[in-house]
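Chemist: Please see the structure below; I have some questions.
Just so it is clear, none of the values below were taken in a lab; they were calculated from the coordinates. Just so it is clear, the structure is predicted and the values come from calculations on it, not from any experiment. Note that we place each Cβ from the backbone using ideal geometry, even for glycine, and neighbour counts take in every protein chain shown.
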Amino acid sequence: MRIDYNLKDKFDFGLIFPVIILYFIGLAAIYSSTYNNPSAQGNFERQIIWGIAALIVFFITYFLPTNTFKLISIPTYLLSVLLLIIVLLIGRRISGAQSWMTIGPIGFQPSEFAKIGTILALSRFLSKRSMDIDSFKDLSITIGIGMLPVLLILLEPDMGTAIVFILFILTIIFWKGISVFAMFVVLSPAFVAVSSLFGLYYFFGALAIILVTLILFRRDLFFSGSIFTLNLASGFFADYVFRALSPHQQSRIQAFIDPMSDPLGSGYNTIQAKVAIGSGGLFGKGFLAGNQTQLQFIPEQWTDFVYCVIGEEFGFIGSIITIALFVFLFMRILKISFSSKDEFLSLAAIGILAVLFTHFMINIGMVLGIMPVIGLPLPFVSYGGSSLLTNMIMLGIVANIYRTRKSFT
């Protein structure tokens, strides 16, 4: 009994069990979606190999001295930035983005590695004793640390991964304890920029909300005017950025706003995904029996649209079980973030939670048609070695934080 208690005290089984179940759900979906596709049938076997490698990496990360993460934070960040620069020069272009590097037979995305480096670097800077997140200087440095890899990723261009970075950066800043007004200043330009993509009325509506909010904060006129001008400029800048995007990225955003605007082109995947999910019913059509899946209506369904397979072949029950496993995992990570007394470790854990939750939210959202199709895999479920290894390293960091939580008080 003593051995069992000590094991439970050192290892959070609530972290690894849902991930293992999600991984096997993903394997079933990958097998089904590649069953009638000769060019992709090797993906199932490769995902098994990646899964074994990811489990090994998880336990290596778990057993590392916890201080290692703080020591390697800056070198890891600098290396990830260097790799992001190198991939722009010699990387492979896949699906319109020059985001892949190849070492022998192995291909990987430096942006995946950069998630870990950026989380650790931000956590280390924000956990300094002299840090004041509400000061202009420290907030500017924080945003600079986060936005450098974002700008490099946008040059690839990879809008989906850039959005993940922006959201976990904002989450870490919020967890640090930024004031409500400072967070408003950071978020409001993005709110106006996104609103402007939906049309002129939405743009003016967003500006009206910003104006009313500034009045309620009761700051001085010059400062409030500067913030309002910044938001006004962000709307026009969003239009410029939209025009600078590649045609396929523009079409994806337009398809999100109105999938029926191009039902056989940019809106095709969204429409077919809804059909697959809706046709599954309560219990699904059965393993290897989904029409949308087996007839390959959705291209490369084993990656970004793997949730369609679950919804069609395992139905509403299978879909809800998958979501419930993710929610349970997120709650465990959140609890560890709360319980950690070391600020660096708490910030790192919440940053990891933000990455996983953003992928989950956007991936399932784009399958259901409530998010734009921006090419983000479902963690632990979608096919892909880079994603699986990165996610398991991050999970290993969280498990490591749990293991030594009583030593860092």
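Chemist: Pairs LYS8/LYS341; LYS176/LYS335; LYS274/LYS335: which are spaced more than 24 Å apart, C-alpha to C-alpha?
Modeler: On the way: LYS8/LYS341 20 Å; LYS176/LYS335 16 Å; LYS274/LYS335 34 Å.
Flagged as over cut-off: LYS274/LYS335.
Chemist: So, R0 is 25 Å and r is the distance between the beta-carbons of ASN67 and SER130; what FRET efficiency does that work out to, to 0.05?
Modeler: Values: r = 20 Å, r/R0 = 0.81.
After rounding, the FRET efficiency stands at 0.75.
Chemist: In nm, to one decimal, how far is the TYR202 label point from the LEU334 one, both placed 7 Å along Cα→Cβ?
Modeler: 2.7
Chemist: At a Förster radius of 41 Å, what calculated FRET efficiency corresponds to the Cβ-Cβ distance of LEU232 and LEU89, to the nearest 0.05? The partial results should precede the final answer.
Modeler: Values: r = 37 Å, r/R0 = 0.89.
E between LEU232 and LEU89, to the nearest 0.05, is 0.65.
Chemist: Can you list which of the DSSP-assigned H helices in the chain have a Cα extent of 20 Å or more along the long axis and an average Kyte-Doolittle score of at least 0.0?
Modeler: Flagged H segments are 13-34, 42-63, 73-90, 110-126, 136-154, 159-176, 180-196, 200-217, 221-244, 306-339, 343-367, 385-403.
Chemist: Rounded to a whole number, what is D in µm²/s for the stretch 141-239 from Stokes-Einstein with the Kirkwood radius over alpha-carbon pairs (20 °C, 1.002 mPa s)?
Modeler: Numbers: Rh = 14.5 Å.
So the translational diffusion coefficient is about 148 µm²/s.
Chemist: Per 0.36 nm of contour for each residue apart, how much would the distance between ARG46 and LEU187 grow if the chain were fully extended, relative to their Cα-Cα spacing? Can you show the working numbers first?
Modeler: On the way: separation 141, 0.36 × 141 = 50.76 nm, distance 4.06 nm.
Gain on extension, ARG46 to LEU187, equals 46.7 nm.
Chemist: Along the Cα→Cβ direction, 7 angstrom out, place labels at LYS406 and PHE24. What is the inter-label distance in nm?
Modeler: Each label point is offset 7 Å from its Cα along the Cβ direction, giving 3.1 nm.
Chemist: Related question: Please work out the Cα convex hull volume for the stretch 1-56 and give it in Å³ per residue.
Modeler: Dividing the Cα hull volume of the stretch 1-56 by its residue count gives 80 Å³.
Chemist: Taking the square root of 5 times each eigenvalue of the Cα gyration tensor, what semi-axes in Å does the equivalent ellipsoid of the stretch 41-135 have, largest first? Let's see the in-between values first.
Modeler: Details: eigenvalues 175, 83, 22 Å².
Each semi-axis is √(5λ); the values are 30, 20, 10 Å.
Chemist: Can you give the log10 of the normalised intensity I(q)/I(0) at q = 0.12, 0.13 Å⁻¹, computed with Debye over equal Cα scatterers of the chain?
Modeler: -1.05, -1.22
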